[in-house]
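The values are calculated or read from the model by the stated rules, or taken from the named source; none is laboratory data. If you're wondering where the values come from, they're calculated on a predicted model, not measured in any experiment. Cβ: placed from backbone, ideal geometry, glycine included. Neighbour counts: every protein chain shown. Please note that ligands, DNA and RNA were not included when accessible areas were found on the heavy atoms of the full protein model with its side chains. Shrake-Rupley method; radii C 1.70, N 1.55, O 1.52, S 1.80 Å.
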Amino acid sequence: MQKDVKFNEIPLRVPNLKSIEGKVKALIAELKEAKDYASGMKVIKKMNKLSDKIQTESTVISIRYSLNTTDPKIAKAQDKMDNMMPLLSALFNEWNKVIVNVPFRAEIEKKWGKYYFQMIENSLKAFDEKIIPELIEINKLSSQYDRVLGSARIEFRGNVYNLSQMGKFTTDKDRETRRLASIEVDKFFQAHEQEIGDIYSKLVLLRDQAAKKLGYSDFTELGYLNLGRVDYDDKKVANYRVQIAEAVVPVAQKLYKKQAKRIGLSFNKMKPYDFNLSFLSGNPTPIGDPTYLVDQATKMYDDMSKESGEFFRFMKVHNLLDLVAREGKAPGGYMTYLPVYHYPFIFSNFNGTQGDVNVLTHEVGHAFQGYLSGKIQPPEYRMPTLESCEIHSMSMEFFAWPYMDLFFGKDADKYRYAHLSDAIEFLPYGISIDEFQHWVYKHPNATHEERCAIWLDIQSRYEPHKKYDDDTPCFKHGAAWIRQSHVFGSPFYYIDYTLAQVCAFQFLNEMNKNQPKAWKKYVKLCKCGGKYPFVSLLEHNHLRNPFLDGNVKKNIKPLIKILNSFDDSKF
């Protein structure tokens, strides 16, 4: 593969399963024959190279699919990968069974640390060939969900929009516009609720079935293993949710009451779409088009540091940013990585809201970490577990604060206030999604209606301000969770955002004391990549562990002072 190419020049190749199978089996045989560390490492390096190639080809397919879910050629390639990935997992599982028992394991541990084998042993607990049929179906159903959401064509005021593009109307300062836009979004989900509900029911049952085949009582433990959670469990997460409920929910409710006052509505009469509007003058809106925003981001990263400037220019030169919403494009945003090229890639859906700027900080934070740690060996150490990844992205959002004048002009302080308020207010929603998922996988045979009922119950405890009415019947009866894609494609991956947010708040608080010192600490964190599991990573980088009682409150308390430093009545 030619290394220094632009993303659009990278060919779309579906990996050849038969060829890969032959190569992996040959490498397994070679590893079994290796009698010493030197000969064994040569084989391991060959396997790492092959693994990088496969991962790159499959990632190119998934990116191209999310860029255009309606292209039949790319959809066919994605379908092939959905079928192939579990079979590839089976092949690499055989490799893992051999590598954990090599006679020179102690020498590898000395070079790469014990966590390397801990990760491999973790993956062995999470996979067996007997669950391949379930994994194939799970992949297909996850892609089907993406297709349903990507197919949205919502007619609104004479034009047609996808779900991402409707965002600017649901946050409009005109209340009737917000109401009507919310009705149209709800109508889309009404029309597809049964289909989406059926997809989820099948996913839950397949995951439960796979877990039980592997000897687990339900999917929860397997789900945690899949996410590489080796140093905390669901009990610690449950206790963490209690911390959020006690330390954050009351703060968030006070912020919502202030918001109601700002936009001239009675708090008790606020509708969910009203909470989308932070200020009567309108939410902070970027002062330029996508090209302008990228130009300003270039200035920002050039000024932030030498390495961040070089990185962002690298992303632009190699066409590694696909930012604007368009028909057929999957909703949402992400960063992914192409190991052969050492390329991070950023996908998003700009829609003219402040979220566009969040992408240029949040996803760029992910990509910056990928750029700094992408050449770490072994490859397993390049990317940390997901909750650790989100620290990089959410902290970058705060390091961008001094530059918000570039994006919002006179509304820069308005953005900062809204951004921090939103970050705090997000935490109760994040634990709602997590508690919902834990309930679901403890009750895999529940009906769609039972899931909707439990969602309403959870939401009433953590987000009591959200009261849907007859205008949005789909969401009123508790189906709002069906729009959260993580619930479908990445079970239990959502609490990660909240854990990372609590850690990112530490960087904001440290920035206010000593910005250069905080930045140096952040770059060190990014360069660590995935050398440590979550709790160990925090310890290594002197960040507070959010699982420990009292630490959430310690991180939240200084933020109230920051918010109070703004006169939000002037916005």
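Which residue, of H438, H443, H392, H448, is more than 30 Å from K299 (Cβ to Cβ) and within 20 Å of the chain's Cα centre (by Cα)?
Unique residue meeting the criteria: H438.
Hey, F408 hits all of (1) in a helix (DSSP H, G or I); (2) under 21 Å from F219 (Cβ atoms) but one; which does it fall short on?
The failed condition is (2).
Hey, could you check the range 529-549 for residues that are touching a residue at least 60 places away in the same chain (Cβ under 8 Å) and farther than 27 Å from W112 by Cα and say which is most open to solvent (accessible area, probe 1.4 Å)?
Among those that are touching a residue at least 60 places away in the same chain (Cβ under 8 Å) and farther than 27 Å from W112 by Cα, it is D549.
Give me a count of the residues in the range 12-45 that are in contact with a helix residue (DSSP H, G or I) (Cβ under 8 Å, 6 or more places away or on another chain), more than 19 Å from P378 (Cβ to Cβ) and open to solvent by less than 100 Å² (accessible area, probe 1.4 Å).
So the answer is 6.
List every residue pair whose Cβ atoms sit under 7 Å apart, with the two residues 6 or more apart in sequence or on different chains, where the first one lies in the range 274-299 and is at positive phi and the second, anywhere, is of a type outside the set (G, A, S).
Short answer, once both residue conditions are applied: G282/K173.
Return yes or no: is D568 open to solvent by 10 Å² or more (accessible area, probe 1.4 Å), under 30 Å from D411 (Cβ atoms) and over 23 Å from the mean Cα position of the chain (by Cα)? Write out each step before concluding.
On the way: open to solvent by 10 Å² or more (accessible area, probe 1.4 Å): yes; under 30 Å from D411 (Cβ atoms): yes; over 23 Å from the mean Cα position of the chain (by Cα): yes.
Considered against the rule, which asks whether it is open to solvent by 10 Å² or more (accessible area, probe 1.4 Å), under 30 Å from D411 (Cβ atoms) and over 23 Å from the mean Cα position of the chain (by Cα), D568 comes out as yes.
Among the residues of the range 180-200, are any within 28 Å of F92 (Cβ to Cβ), open to solvent by less than 70 Å² (accessible area, probe 1.4 Å) and not in a strand (DSSP E or B)? Even if it seems obvious, please write down each step before you answer.
Restricting attention to the range 180-200, the residues satisfying the condition of being within 28 Å of F92 (Cβ to Cβ) are 199.
Filter once more, keeping what is open to solvent by less than 70 Å² (accessible area, probe 1.4 Å): 199.
Subsequent filtering for residues that are not in a strand (DSSP E or B) retains 199.
Yes, the range 180-200 contains at least one residue that is within 28 Å of F92 (Cβ to Cβ), open to solvent by less than 70 Å² (accessible area, probe 1.4 Å) and not in a strand (DSSP E or B).
Might you check whether a residue that is touching a residue at least 40 places away in the same chain (Cβ under 8 Å) and within 24 Å of F117 (Cβ to Cβ) occurs anywhere in the range 193-202?
Looking through the range 193-202, none of the residues is touching a residue at least 40 places away in the same chain (Cβ under 8 Å) and within 24 Å of F117 (Cβ to Cβ).
Would a scan of the range 112-132 turn up a residue that is open to solvent by 50 Å² or more (accessible area, probe 1.4 Å), part of a helix (DSSP H, G or I) and free of Cβ contacts under 8 Å to residues at least 12 places away in the same chain?
Taking every residue of the range 112-132 in turn, at least one turns out to be open to solvent by 50 Å² or more (accessible area, probe 1.4 Å), part of a helix (DSSP H, G or I) and free of Cβ contacts under 8 Å to residues at least 12 places away in the same chain.
Can you tell me how many residues in the range 91-108 are open to solvent by less than 40 Å² (accessible area, probe 1.4 Å), part of a helix (DSSP H, G or I) and free of Cβ contacts under 8 Å to residues at least 60 places away in the same chain?
Of the residues in that region, 2 qualify.
Could you please give the count of residues in the range 455-489 that are over 17 Å from E184 (Cα atoms) and open to solvent by 40 Å² or more (accessible area, probe 1.4 Å)?
Going through the range 455-489 one residue at a time, the tally reaches 9.
For residues that are aliphatic (A, V, I, L, M) and crowded, with 23+ Cβ neighbours inside 10 Å, scanning just the range 499-513, find the one that is nearest to Y232 (Cα to Cα).
Of everything passing the filter in the range 499-513, L499 is nearest to Y232 (Cα to Cα).
Checking K168 against (1) touching a Gly at 6+ places or on another chain (Cβ under 8 Å); (2) open to solvent by 70 Å² or more (accessible area, probe 1.4 Å); (3) not in a helix (DSSP H, G or I), which test does it fail?
Unmet condition: (3).
Going through the range 308-355 one residue at a time, which ones are small (G, A, S), open to solvent by 40 Å² or more (accessible area, probe 1.4 Å) and without any contact (Cβ under 8 Å) to a residue 24 or more places away in the chain?
none
Residue under question is M85, and the condition is that it be open to solvent by less than 10 Å² (accessible area, probe 1.4 Å) and assigned to a helix (DSSP H, G or I); does it hold?
Numbers: open to solvent by less than 10 Å² (accessible area, probe 1.4 Å): no; assigned to a helix (DSSP H, G or I): yes.
So M85 does not fit the description; no.
Search the range 425-454 for residues being touching a Gly at 6+ places or on another chain (Cβ under 7 Å) and surrounded by fewer than 19 Cβ atoms within 10 Å (Cβ to Cβ), and hand back the single one that is farthest from P546 (Cα to Cα).
Within the range 425-454, the match that is farthest from P546 (Cα to Cα) is H448.
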